[in-house]
1. Can you give the accessible area of B:Phe79, probe radius 1.4 Å, in Å² rounded to 10?
2. Considering only A:Arg332, A:Arg221, A:Arg41, give the residue with the highest GNM mean-square fluctuation for chain A, with springs between Cα atoms whenever their separation is below 10 Å.
3. Amide H of B:Val220 versus every other amide H placed in the peptide plane: which residues, excluding those fewer than 5 positions away on the same chain, fall under 5 Å?
4. Specify the inter-centroid distance of segment B:146-215 and segment B:18-42, based on alpha-carbon positions, in whole Å.
5. Normalise the Cα radius of gyration of segment A:324-366 by 2.2 N^0.38 Å (N = residues in it) and let me know the number.
6. To the nearest 0.05, how large is the calculated FRET efficiency for B:Ser99 and A:Thr65 if R₀ is 51 Å and r is the Cβ-Cβ distance?
7. With the full set of protein chains in place, find how many percent of the accessible area of segment B:261-324 is carbon and sulfur; take the probe as 1.4 Å.
8. Residue-wise, which Karplus ³J(HN,Hα) couplings in Hz belong to segment A:294-311, taking 6.51 cos²θ - 1.76 cosθ + 1.60, θ = phi - 60°, and x for glycine or proline?
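The values are calculated or read from the model by the stated rules, or taken from the named source; none is laboratory data. As the structure is a prediction and not an experimental result, all values here were calculated from the model. Neighbour counts are summed over all protein chains in view; Cβ atoms, including those assigned to glycine, are modelled from backbone coordinates with ideal geometry. Calculation scope for accessible area: heavy atoms of the full protein, side chains included, ligands and nucleic acids excluded. Shrake-Rupley method; radii C 1.70, N 1.55, O 1.52, S 1.80 Å.
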2 protein chains.
Amino acid sequence: MEMPDAVVVGAGYAGLCAARRLRTAGLDVLVLEASDRVGGRTLTARLPGGWALDLGGQWIAPAHTRFAALARAYDAKTFTGHTQGDNVLVSQTSHRRFSGRLPPLPPHATAVLALALWKLDRLTTRTLTTAQAERLDSTTVATWLRRRLPVPQAHRLAEAILGAELSVDVASVSMLALITAIRGTGGVRAGTEAETTASLFVDGADGPARSIAAELGDAVRLDTPVTSIHDTGDDVHIAGVRAARAIVALPPPLAGRIHYTPALPAARDQLTQRTPMGAALKTCAVYDTPFWRGDGLSGLALDLDGPMTLDASRPGGPGLLCTLANGPAARRLTRLDPAERKATIVRSLVRGHGPRAAHPVDWHEKNWSDDPYCRGGYNAYFPPGVLTTVGPALRTPVGRVHWAGSETATEWAGYIEGAIRSGERAADEVLQAETRFRDRLVVPD
Amino acid sequence: MEMPDAVVVGAGYAGLCAARRLRTAGLDVLVLEASDRVGGRTLTARLPGGWALDLGGQWIAPAHTRFAALARAYDAKTFTGHTQGDNVLVSQTSHRRFSGRLPPLPPHATAVLALALWKLDRLTTRTLTTAQAERLDSTTVATWLRRRLPVPQAHRLAEAILGAELSVDVASVSMLALITAIRGTGGVRAGTEAETTASLFVDGADGPARSIAAELGDAVRLDTPVTSIHDTGDDVHIAGVRAARAIVALPPPLAGRIHYTPALPAARDQLTQRTPMGAALKTCAVYDTPFWRGDGLSGLALDLDGPMTLDASRPGGPGLLCTLANGPAARRLTRLDPAERKATIVRSLVRGHGPRAAHPVDWHEKNWSDDPYCRGGYNAYFPPGVLTTVGPALRTPVGRVHWAGSETATEWAGYIEGAIRSGERAADEVLQAETRFRDRLVVPD
């Protein structure tokens, strides 16, 4: 029987960064990955000529310091997304150009939206009493928006933006969870700024993950789904391997599908039952050139009747329009057959960028809900009543089993940055937990 | 390799009744049960002298026609619960007797409560538009109650009653789900009437389940957890067995922990992620006699600072006070060590029934969240945003796999009656689905 010091379940950023830190500390570590690739919820496709396009998480913001350190360590080049030109707000019957972050709204709607944002900002910056937290956790984001945004245009826009952010309809998510997520990005302003100043990776956002995996070599085992974890009290048995400690670096609902002996404490088990994945469909239409730039367009289109579109073209490369559909929109599109789905999305691209968008030369798509080892995207979310009851079980180790994954991060949860930080935190827990590892704490790069 | 006609996963009432109907139709059927007993979320403990007490589901109401048919078929005796005498409403500082269904409230609170009930009744009886359904599904029961019941006493009481009904805090549940549940009982009035006219089983509510299992004999296999189901398109492979069809008769979150090949459609998988179990702790304090009856008490106590208590004594048997704690109350109590938990609950029993309640001669308890093959109780619930999105996946068969379990019932979902009906419905699906079974449809007893 193999006996590494630690086993990591999952080779997304969280798992790989946990393994990397443990390896740096001199531990013998093994990473078990169910699928045939590393990178988790990042995924790069290749075009002829080697150009990369991202079908999963793709952004890095200036505040993403740990991700930046990895990018430096593995020499992964980034570029600032193309933002020059006008954005567009379209629907099946309308088309309006706008500049700046927010689309044009009637003055009243703008005022109401600003007020709601101010209230949201106040909620994210002040210390909440237990009663306030419980009340916010008993309210859906939909209810909060209905009350704070009685103006339809402002309401619809806020629903679309927040739904995209959470990868799930605002009806499903706790208001406290939204506030917690915003806090994890440094507040409303910092969070929004991070989005507008984000960069992409020339060679795809899973580049550093692939580099870590290459460095770990044989220690990363693909096509190895973990179905059970047995904690004997003295060590952990997983997939024929014995180790002192295990780190499960999966989204909570997938971590919950592993069979644990002894059975997990009720709070941890119920947490995994109560934090489902959002739904996300990402597509990328490829054109010979980013033709929309010639029309003075940025490539950003908000479609009130379709997905959101962004310019993801690499400098000097073909034109890439990537579309993001989340929650109910993702479900509606993924129920269509592939040709009908493509036609529906292309119609939205034409609404936003004109008739030249009608004939992409190539087409890529990823329905994260169909991925057998993600079963949703981009993250697990918190329905009402979860954070204030079983929330603490998110990070609390159970015996010799530790938990990582972007959802467990205290900062940038739901981002690649959160995944990295969570993996490093879990690795530190393992190093602290065993006397023989304790002198090996690693100074981060 | 064994080749029965059908395999049923789970030997609760749903699974057993599915198997019973298939057996009656002449099919060769096999039931695989993970635990060492049948009955699912019903569970009977035995006292010296053979007296039964229920630690899980226990009631049968006059409208529970399928459960009544089973009781008749297997000669399971029922008795009407003791309801004579006063009920009590207590807290750490107060004690008030009352008669009738609702505890004494100030006139204003009573009026507000009546109005809210009337509104609730209207919602359950009228046909909802899609927009209305979506709005109700985007609202928690907590939000609805806050708006409709601004009077604290009425609010607190409604929260306690509905939280007990749903086995989860009202903050977590969709308003549409509550309405759907009430509809499944025939409306507010019929549902309440069913509760006040319910009977118990002298020998425990799992009696008929044990009788069905005895009748099925070797076809019920205990200690056989199912971890994977493979649908080849021609047949289903489960735990070394091949069958034409499978019925998974588990609560959705546990059904979701089985590994399916091919992978389940996204909607079904997301449904299992998004319907977690409630939390339920049931205890039973045993006394030499039901002494409270001599004091003119019914045994029903609503404790605003503790669990709800009911008289579960069998005619001529010892005194049984069973307590029900759900949701956050269950979690608070189950975090205590056993002695402290018992002391806390006994203090509530004393508040309700006087100092003679302080010394039970025996003590039984069941924390359903700790049960490795239930992981919560009494039912899975619907958080906001689930029913209107992935709700239809609850009952829709996937290939050769059919779904049963009380949660899937269209009437009396969440009750034993619903479990029975769901199993019989799934069996009918199997009989209809295969040409060679189709002439064997069973006329129910």
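1. It works out to around 20 Å².
2. Sorting by GNM fluctuation, first place goes to A:Arg332.
3. The list, which skips near neighbours in sequence, is B:Val31.
4. For segment B:146-215 versus segment B:18-42, the Cα centre distance is 26 Å.
5. Values: Rg = 10.6 Å, N = 43, 2.2 N^0.38 = 9.2 Å.
Compactness ratio reported: 1.15.
6. Values: r = 67 Å, r/R0 = 1.31.
About 0.15, to the nearest 0.05.
7. Numbers: 940 of 1560 Å².
It is 60 percent, rounded to a whole number.
8. 3J(HN,Hα) across segment A:294-311, in whole Hz: x, 8, x, 9, 7, x, 7, 10, 9, 10, 5, 10, x, x, 8, 10, 9, 7.
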